[in-house]
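A.B. asks: Before anything else, here's the structure in question.
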Amino acid sequence: MTRIWVVRHGQSMLDEAERMQGWSDAPLTALGREQATARGFDLAAAGIRFDAAFSGDGIRHRETAARLLDASGSDLQAQSDPRWRELCFGRLEAVRARKFFRLMQAHAAADTPFIATLEALAARDPLAEAPADVARRATAALHDVAGAGSEVLVVTSGITILTLLHGLGADLEHLATGPENLSVSTVHRLDDGWRVDRVADPDPVAV
């Protein structure tokens, strides 16, 4: 049985500046580097040894994966894949995050306000990606990495994680915001499909 560890990247410079960073990119801050290293130590202490590793193709994804793997004692190098990059926010790329959260208020009553807001954004902005499109590419990537070993690391972005897990049937109602930096979600590959065991958990040691 394959267990896939889906991890959000560490704090980037755009995170620190509170700006949207879909296809926009920036390196990790000092805190982000510390977060990635600490998560690697956490996973090593829990006895997790990765057989394979993958990441989005952004600087923030690749740097997080490299630091996490090094701290975990692994000599693996993550393979980058654009299918693991963040959703494209179109004209909202690199704008202040508070503008997006103001848009979310109009969808506060929805079962998944994040998803509803993104769907509305894509409907009116041809440059923005629809959540369903992100879920399709991330799910295809998930299928491809499932045969890479028993324990597989994937470093990606928050909304990509949410759309992927939503498409796999995970309950996201408890999430008031997106996944925290270096939060961990786990997905098991079963004979008849997928099982989501953990959603954006800040404590991966509780395996």
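A.B. asks: Residue 21 versus (1) in a loop (DSSP other than H, G, I, E, B); (2) surrounded by 18 or more Cβ atoms within 10 Å (Cβ to Cβ); (3) at pLDDT 95 or above: which is the lone unmet condition?
C.D. replies: (3)
A.B. asks: If the requirement is being open to solvent by 10 Å² or more (accessible area, probe 1.4 Å) and hydrophobic (A, V, I, L, M, F, W, C), which of these qualifies: 145, 199?
C.D. replies: Result: 199 is the single residue among 145, 199 that is open to solvent by 10 Å² or more (accessible area, probe 1.4 Å) and hydrophobic (A, V, I, L, M, F, W, C).
A.B. asks: Related question: Does any residue of the stretch 125-140 turn out to be outside any loop (DSSP other than H, G, I, E, B), of a type in the set (Ser, Thr, Tyr) and either open to solvent by less than 10 Å² (accessible area, probe 1.4 Å) or in contact with a Pro (Cβ under 8 Å, 6 or more places away or on another chain) (or both)?
C.D. replies: No, the stretch 125-140 contains no residue that is outside any loop (DSSP other than H, G, I, E, B), of a type in the set (Ser, Thr, Tyr) and either open to solvent by less than 10 Å² (accessible area, probe 1.4 Å) or in contact with a Pro (Cβ under 8 Å, 6 or more places away or on another chain) (or both).
A.B. asks: Being in contact with a helix residue (DSSP H, G or I) (Cβ under 6 Å, 6 or more places away or on another chain), under 25 Å from residue 147 (Cβ atoms) and assigned to a helix (DSSP H, G or I) is the filter here; which residues of the stretch 51-83 pass it?
C.D. replies: 64, 68, 83
A.B. asks: Among (1) at pLDDT 90 or above; (2) open to solvent by 50 Å² or more (accessible area, probe 1.4 Å); (3) touching a Pro at 6+ places or on another chain (Cβ under 9 Å), which single condition is residue 183 missing?
C.D. replies: Among (1) at pLDDT 90 or above; (2) open to solvent by 50 Å² or more (accessible area, probe 1.4 Å); (3) touching a Pro at 6+ places or on another chain (Cβ under 9 Å), the lone unmet condition for residue 183 is (2).
Results for (1) open to solvent by 20 Å² or more (accessible area, probe 1.4 Å); (2) without any contact (Cβ under 8 Å) to a residue 12 or more places away in the chain; (3) charged (D, E, K, R); (4) not in a strand (DSSP E or B), shown as yes or no for each residue.
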| site | (1), (2), (3), (4) |
| --- | --- |
| 6 | no, no, no, no |
| 15 | yes, no, yes, yes |
| 35 | yes, no, no, yes |
| 41 | yes, no, no, yes |
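The values are calculated or read from the model by the stated rules, or taken from the named source; none is laboratory data. Since we're looking at a predicted model, the values are computed, not measured. Cβ: placed from backbone, ideal geometry, glycine included. Neighbour counts: every protein chain shown. The protein model used for the area step is the full one, side chains on, heavy atoms only, and it has no ligands, DNA or RNA in it. Shrake-Rupley method; radii C 1.70, N 1.55, O 1.52, S 1.80 Å.
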